[in-house]
Amino acid sequence: MEQKIYPINTSAPWPRNQWWVAANSSEVTRKPMERTILGEPVVLYRTEAGAPVAMAGMCPHRGYPMVEAKVVGDALECGYHGITFGCDGACERIPTQSEVPSKWKIRTYPAVQRWEWVWIWTGDPELADESKIPDPWCVGKPGWHSQVSIRETDLSRFTLLIDNLFDLSHLNYLHSSLLGSVNELVQRPVEMQTKPDGVFRLSRKVPDFPWSPYFEFLFPGRGAEGIKVSTESFSDYFGPCLTLTGGPFLVAQTGERLGEINFLHAMTPETESSTHYFGGVTRDFRHQDEAFDKSNLDLYLAVRGQDLEGLEKVERMVSRGFDTARELSALQDAGGIRVRRMITAQIEGEQSANER
């Protein structure tokens, strides 16, 4: 019987014809670095011109780790026998012979830098389309201040992270020590739509949120005016690689815009049960406030830490047999279930194409 993988019930744990974040741009230098992506070692480095290169992490000669290779020009020279592969994967030199057989190649991955992240395509290179890399309106655009350089290892599968981001009712419980009560938000019905750009959005609208310590943290002093806040809290699914959460805040009585703060969540599978979790914060207010930069990032990291701790506990239960046959779902899970179906359809579409 074919084993299904919780929570998406497919035989493959992830899609491969997909862009994933491989590293923060500052991590990729002229010195090779290794990262496990989709269960496979990948080596990243830069050419002399600064372009990122992603290459299979094992030398095809005898399996020596390519992270131990020496960068020679734009090529990698294996540290075991000196066999050298160009940044296109073609073997350029075998020290013990003058001719290089044409079949001597190492796998390379299309690699592109966008904002502060290096993305790689893990599927058929003929299908790698850079226009498919997510391009949120609030990152690297005029009027937005971004901090996008976070990476942690989450000891749970990437689909659990996505589940977490599409059921924000957990804010009232898992994060109550940091955010206080957000009952006015989590009790609102969810709305779902697919936007014109193809991004799936789950949202909750609150027309008259009472002033809270969190609002005072974001917009100090405005609460003294006796205002209430109107907001639409959303989770945007750009694909299995990226979810954006956040929303705008307006003065409920007048419609005046206070500002918008959004949070980036890039999930790249490391193994079937662990994830590289990249992230960042982007906002359109208090651009030059360095003290707020630090305090806001500290709060974001603390919230992420609670998420990771909770999800790692769920992962342990999955390893002990929790699956969809035991799982119960509530109305609040509608968005997460919709996203699960999208991931399932993407994986099954790839499998069908491979069978043809």
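The alpha carbon centroids of the range 4-59 and the range 288-306 are separated by 28 Å.
Quote the relative contact order of the chain in percent (integer), defining contacts as alpha-carbon pairs under 8 Å separated by 6+ residues.
Details: 658 pairs, mean separation 66.3, N = 356.
Relative contact order, the chain: 19 percent.
Taking the C-alpha atoms only, the angle from helix 290-319 to the longest principal axis of the chain is near 70 degrees.
Using heavy atoms of the protein chains and a probe of 1.4 Å, the accessible area assigned to Phe322 is about 70 Å². Springs join every pair of Cα atoms under 10 Å in this Gaussian network model of the chain, and among Ala330, Ala266, Ala252 the largest mean-square fluctuation is at Ala330.
For the range 166-213, the relative contact order works out to 30 percent when only alpha carbon pairs closer than 8 Å and six or more residues apart are counted. Among Val339, Val199, Val28, the residue with the largest mean-square fluctuation in a Gaussian network model of the chain, with springs joining Cα atoms closer than 10 Å, is Val199.
The label-point distance for Ala334 and Ala302, in a model that sets each label 7 Å from Cα toward Cβ, rounds to 3.4 nm. If you wrap the tightest convex hull around every Cα atom of the range 85-170 and split its volume per residue, you get 197 Å³.
Calculate the tail of P(r) for the range 151-237: the fraction of all Cα-Cα distances greater than 16 Å, expressed in %. Walk me through the numbers before you get to the answer.
On the way: 2381 of 3741 pairs.
The answer is 64 percent, as a whole percent.
Carbon and sulfur atoms: what percent of the 1.4 Å accessible area of the range 252-356 do they account for? Working shown, then result.
Details: 2760 of 5440 Å².
That fraction is 51 percent.
Taking the three principal axes of the alpha carbon atoms in the chain, the coordinate ranges are 81, 54, 36 Å, sorted in descending order. Only the Cβ atoms of Lys and Arg (+1) and of Asp and Glu (-1) were treated as charged; on that basis the dipole of the range 223-356 about its Cα centre amounts to roughly 280 debye. When the Gaussian network model of the chain links Cα atoms closer than 10 Å, the mean-square fluctuations of Leu174, Leu328, Leu202 top out at Leu328.
At q = 0.10, 0.12, 0.22 Å⁻¹, what is the log10 ratio I(q)/I(0) for the range 1-133, with the Debye formula run over Cα points and no solvent? After summing over all Cα pairs, the log10 values are -0.36, -0.50, -1.29.
Here the chain is treated with +1 on each Lys and Arg Cβ and -1 on each Asp and Glu Cβ, and its dipole about the Cα centre works out to around 220 debye.
Over 20 Å apart at the Cα level, from the set Lys141/Lys205; Lys205/Lys228; Lys132/Lys195, are Lys141/Lys205. Given Thr96, Ile106, His145, which one lies farthest toward the positive end of the charge dipole of the range 79-157, if we put +1 on the Cβ of every Lys and Arg and -1 on the Cβ of every Asp and Glu? Projecting each Cα onto the dipole axis, the largest value belongs to Thr96.
Given contacts defined as C-alpha pairs under 8 Å and at least six residues apart, what's the relative contact order of the range 173-324, whole-number percent? Reported as a whole number, the value is 15 percent. Dipole of the range 141-261 computed with +1 at Lys/Arg Cβ and -1 at Asp/Glu Cβ about the Cα centre; of Pro220, Ile261, Gly180, farthest Cα towards the positive end is Ile261. 5 Å is the cut-off here: which amide hydrogens, built 1.01 Å from N in the peptide plane, fall below it relative to Val72, excluding neighbours closer than 5 in sequence? Those qualifying (amide H under 5 Å, at least 5 residues apart or on another chain) are Glu77. Computed with a 1.4 Å probe over protein heavy atoms only, the accessible surface of the chain comes to 48 Å² per residue.
Spatially, the range 330-356 and the range 62-97 are offset by 39 Å when compared through their Cα centroids.
On the beta carbon distance between Asp323 and Ala353, with R0 = 30 Å, the FRET formula returns roughly 0.65. Taking a straight Cα-Cα cut-off under 27 Å and skipping sequence neighbours fewer than 8 places away in the same chain, the lysines within cross-link reach of Lys70 are Lys31, Lys103, Lys105. Between Arg316 and Lys105, the simple label model (points 7 Å from Cα in the Cβ direction) yields a spacing of 4.6 nm.
The values are calculated or read from the model by the stated rules, or taken from the named source; none is laboratory data. No experiment lies behind these values; they were computed from the predicted model shown. As a convention, Cβ positions derive from the backbone with ideal geometry for all residues, glycine included, and neighbour counts pool all protein chains shown. Just the protein is used for accessible areas: all its heavy atoms, side chains included, with ligands, DNA and RNA removed. Shrake-Rupley method; radii C 1.70, N 1.55, O 1.52, S 1.80 Å.
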